[in-house]
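Chemist: Following this message is one structure expressed as structure tokens.
The values are calculated or read from the model by the stated rules, or taken from the named source; none is laboratory data. Remember, predicted model here, so these are calculated numbers, not experimental data. Counting neighbours? That spans all protein chains shown, and the Cβs are built from the backbone with ideal geometry, glycine included.
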Amino acid sequence: MARLERMKNVLKEAIKEAATIEEAKAAAVRELGVPEEKVLFEVLQAPQKKTLGLFGGCPARVRAYLEVTPASRAAEYLEEILHGLGVETPAIEVKEEEGGCVLMLSGDDLGFIIGRRGETLDALQYLTGLVANRVDSGYYRVTLDIGNYREKREQSLTGLARKIAGQAARTGHKTSLEPMNPYERRIIHTAVQEIKGATSWSVGSEPNRHVVIGPSDDNPVRSRSRGGRSRGKGERSAGERSSRPERAPRAPRSDVIGKPEREIRQFVPRSNPLPTADGATPPSKTQSEKESSSLLYGRIDL
């Protein structure tokens, strides 16, 4: 069963016979065309000498093979892509790590593989990782790098994150960064954690997901900006009731000209007139012109 499992992961093999096991191994390595330290060997038959120098005997038989690992499969796939892009002899160095590997590329005129802000390099890394993870059932992390670009990019992002986090801690304002991949967003979050009074979080969805850096909840600048904010006209704090002040009594206006009181005349009936000035007694009854002209109702004595 173990042998069948190994056969599934075999990338390339060679079987050679020679008088000795060492000679058979050397012949198999030459046929595979790879360094001997990368080759696995299996002795199929040990050499036997002939009886009396005439009968029987057999040569050594050795099987040399390259076992398919996630790292080797990723390197092979990457080499095929680079040949398709016009890179004739790409130099790929594989560095094994715990749970993954780093594929280091070296050569001339490889800047186009990096692309704008590493977008082409990230795309190649993603495809190479998919191929590597088809070898085994577990997760295998593949990192693709050219000329220490990853290290330089990490230093640049770390410096940017610390600078913006310092500004957020001093001013209490938040800043949105450009969209980044999960690896670069993790670098930003790690750098911001080192700055007191600042925090970071990710918003949006891929491929436009980006990091926002702002003041933390325990930042005193943020607390003052919230508590000392002046309320606008008509704005009340929570729980505050609106109470209308009592209106003061209106004072009398001094510029209003009062109307003069009308003189009330005493009614004097015509049937009992007052005495005249000369002391003569007026007639007992008088008749007005209106009374004399009232023919419809007759005369009205008052």
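Chemist: Take segment 158-176 and flag every residue that is surrounded by fewer than 21 Cβ atoms within 10 Å (Cβ to Cβ) and within 18 Å of the chain's Cα centre (by Cα).
Modeler: Within segment 158-176, the subset surrounded by fewer than 21 Cβ atoms within 10 Å (Cβ to Cβ) is 158-160, 162-163, 166-167, 170-176.
Passing the criteria: T158, L160, R162, H173, K174, T175, S176.
Chemist: Does L66 fit the bill of being at pLDDT below 80 and within 30 Å of I15 (Cα to Cα)?
Modeler: Numbers: at pLDDT below 80: yes; within 30 Å of I15 (Cα to Cα): yes.
Taking the combined requirement at face value, the residue satisfies it.
Chemist: Report every pair of residues separated by at least 6 positions or lying on different chains whose Cβ atoms are under 9 Å apart, first residue within segment 152-163 and more than 16 Å from V212 (Cβ to Cβ), second surrounded by fewer than 15 Cβ atoms within 10 Å (Cβ to Cβ) and hydroxyl-bearing (S, T, Y).
Modeler: T158/T190
Chemist: So, in segment 144-169, how many residues would count as being under 30 Å from L130 (Cβ atoms) and among the small types (G, A, S)?
Modeler: Qualifying residue count, segment 144-169: 3.
Chemist: Consider Y183 carefully, then state whether it is under 29 Å from L78 (Cα atoms) and surrounded by 14 or more Cβ atoms within 10 Å (Cβ to Cβ). Give the derivation first.
Modeler: Values: under 29 Å from L78 (Cα atoms): yes; surrounded by 14 or more Cβ atoms within 10 Å (Cβ to Cβ): yes.
Criteria met by Y183.
Chemist: Follow-up. Any residue in segment 74-85 that is within 11 Å of L124 (Cα to Cα) sitting within a Cβ distance under 7 Å of a residue that is buried (at least 20 other Cβ atoms within 10 Å of the Cβ) and hydroxyl-bearing (S, T, Y)? List the pairs, counting only those 6 or more apart or interchain.
Modeler: Between residues of segment 74-85 that are within 11 Å of L124 (Cα to Cα) and residues that are buried (at least 20 other Cβ atoms within 10 Å of the Cβ) and hydroxyl-bearing (S, T, Y), the close pairs are A74/T128; Y77/T128; L78/T128.
Yes/no per residue for (1) surrounded by 12 or more Cβ atoms within 10 Å (Cβ to Cβ); (2) aliphatic (A, V, I, L, M):
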residue: A26; (1), (2): yes, yes
residue: E36; (1), (2): yes, no
residue: Q48; (1), (2): no, no
residue: E67; (1), (2): yes, no
residue: E79; (1), (2): yes, no
residue: T89; (1), (2): no, no
residue: V102; (1), (2): yes, yes
residue: G107; (1), (2): yes, no
residue: D122; (1), (2): yes, no
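Chemist: Next up: Contact list please: Cβ distance under 7 Å, first residue in segment 13-27 and among the basic types (K, R), second residue in a strand (DSSP E or B), pairs at least six apart or on different chains.
Modeler: Every condition considered, the pairs that remain are K16/V62; K25/F41; K25/V62; K25/A64.
Chemist: If you check V34, V62, V43, which single one turns out to be among the aliphatic types (A, V, I, L, M), outside the structural domain of D122 (by TED's automatic domain parsing) and without any contact (Cβ under 8 Å) to a residue 24 or more places away in the chain?
Modeler: Working: V34 fails: without any contact (Cβ under 8 Å) to a residue 24 or more places away in the chain; V62 fails: without any contact (Cβ under 8 Å) to a residue 24 or more places away in the chain.
The conditions single out V43.
Chemist: Let me ask you something else. Might you let me know whether segment 198-206 holds any residue that is in contact with a Lys or Arg (Cβ under 8 Å, 6 or more places away or on another chain), farther than 30 Å from S72 by Cα and either modelled with pLDDT of 90 or more or surrounded by 13 or more Cβ atoms within 10 Å (Cβ to Cβ) (or both)? Let's see the steps before the verdict.
Modeler: First, the residues of segment 198-206 that are in contact with a Lys or Arg (Cβ under 8 Å, 6 or more places away or on another chain): 202-203.
If we keep only those that are farther than 30 Å from S72 by Cα as well, we get 202-203.
Within this subset, residues satisfying the condition of being either modelled with pLDDT of 90 or more or surrounded by 13 or more Cβ atoms within 10 Å (Cβ to Cβ) (or both) are 202-203.
Yes, segment 198-206 has at least one match.
Chemist: Run down T143, T128 and say which single residue is assigned to a strand (DSSP E or B) and either surrounded by 15 or more Cβ atoms within 10 Å (Cβ to Cβ) or under 23 Å from the mean Cα position of the chain (by Cα) (or both).
Modeler: On the way: T128 fails: assigned to a strand (DSSP E or B).
When all the criteria are applied, what remains is T143.
Residues are listed down the side, and each one gets a yes or a no for (1) at pLDDT 90 or above; (2) under 23 Å from V34 (Cβ atoms):
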| residue | (1), (2) |
| --- | --- |
| E88 | no, yes |
| L103 | yes, yes |
| D108 | no, no |
| E119 | no, no |
| L130 | yes, no |
| V135 | no, yes |
| D145 | no, yes |
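Chemist: Using beta carbons and a limit of 7 Å, which pairs, at least six apart or on different chains, have the first residue in segment 105-130 and within 18 Å of N148 (Cβ to Cβ) and the second one in a helix (DSSP H, G or I) and of a type in the set (S, T, N, Q)?
Modeler: Sorted first by the residue in segment 105-130, then by its partner, the pairs are I113/T120; I114/T120.
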